[in-house]
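These notes are about the structure you will find just below.
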Amino acid sequence: MTARARLGHVRDPRDYQITVLASLLVYGILWLDFEVQAAHALGILVTAQLTQYVCTRLSGLPCFDPKSALISSLSLCLLLRTNFIAVAVFTAGITIASKFLIRWNGKHLFNPTNFGLVVGILLTGEAWVSPGQWGSSLYLGFLFACLGGLVVNRSSRSDVTYAFLGFYLAILFGRSIWLGEPMSIPLHRLQSGALLLFAFFMISDPKTTPDSRAGRILFASLVAAGAGFVQFVLFRTNGLLWSLALFAMFVPIIDRLLPGTQYQWQRAATTPGALSKGVTHETAFDLRGSRPGGGILAGIGESLLRILRGQGGRQAVQQSLSGGSGPT
């Protein structure tokens, strides 16, 4: 069997994510009256794809990949709320650009959707997250869809999702037991579509989590503890977002202390050169970009030095910027 035939049987796990998120968005708008303005949703989706395309060209990558940006933009449509379309467009642009601008060791440092939401909330003052819009019936349906995604997408390291949910549940129920609260209170806190989106589509992003299983479990415990601290000690909302944004910056340290194999997306769409080597197109990007440092800023600095030395700056830019964009 040829390499092309073998890879033809590999299903891109992001297809399932796109289907779940798009179905949830359509159902929420048509039947649950989500507060999502059509113009805002369209602005987010279009801006995400345009930013992905522009950054792909500026980075010198040979192939435009819309799936990563589509997952991030669908998540923004489900979570981001604002009264101004300019804020929605700005957040979408920052979300996608962060994948290319903020990188370390061949990976983007922050989960793009989480980073975009945090920056949008902090800088504009006109953005917020709407977690209480789901309803119990939709919540259960979405839960089963997410669990099904873990089965379909086994390669995406679902251990970090299970670990995070385990630690977070322990915090919620442990606090209620300590305070003598009825169990209906932590159960109600769990019935949040935003929590499911976070657990199954943000913290589980294999391109921003630690490389080793021990590292991912440690990472999940830190994020859960941080979210509990923000919610129950600081009494602030969006504890999950703030905690993930903070501890994402510790991933390079965790990878250094608990090293592992960096995740590579396997996809059926490949180029002839990649097929001849038995790897996918995006995997070929990641292998060239998986070295200390990386990112557009580092690549530009290195290329300028090579230009001054007469060593071919454009080639240096393309080699240093050719990391994959990741799933979200």
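The values are calculated or read from the model by the stated rules, or taken from the named source; none is laboratory data. Here the structure is a predicted model, which means the values were calculated and not measured. Cβ sites come from the backbone with ideal geometry, for glycine too, and all protein chains shown count toward neighbours.
For ILE121, state whether it is β-branched (Val, Ile, Thr) and either surrounded by fewer than 24 Cβ atoms within 10 Å (Cβ to Cβ) or on the phi > 0 side of the Ramachandran plot (or both). Walk me through how you get there before you give the answer.
Details: β-branched (Val, Ile, Thr): yes; either surrounded by fewer than 24 Cβ atoms within 10 Å (Cβ to Cβ) or on the phi > 0 side of the Ramachandran plot (or both): yes.
The answer is yes for ILE121.
Using the structure shown, decide if ALA92 is of a type in the set (A, V, I, L, M), modelled with pLDDT of 95 or more and surrounded by fewer than 24 Cβ atoms within 10 Å (Cβ to Cβ). Spell out how you get there, then give the answer.
Details: of a type in the set (A, V, I, L, M): yes; modelled with pLDDT of 95 or more: yes; surrounded by fewer than 24 Cβ atoms within 10 Å (Cβ to Cβ): no.
No: the conditions fail for ALA92.
Do you know which residues across the range 220-262 are surrounded by 20 or more Cβ atoms within 10 Å (Cβ to Cβ) and under 15 Å from the mean Cα position of the chain (by Cα)?
Within the range 220-262, ALA220, VAL223, LEU240, LEU241, TRP242, SER243, LEU244, ALA245, PHE247, ALA248, VAL251 qualify.
Would it be correct to say that THR56 is surrounded by 18 or more Cβ atoms within 10 Å (Cβ to Cβ), assigned to a helix (DSSP H, G or I) and hydroxyl-bearing (Ser, Thr, Tyr)? First the steps, then the outcome.
Details: surrounded by 18 or more Cβ atoms within 10 Å (Cβ to Cβ): yes; assigned to a helix (DSSP H, G or I): yes; hydroxyl-bearing (Ser, Thr, Tyr): yes.
Answer is yes for this residue.
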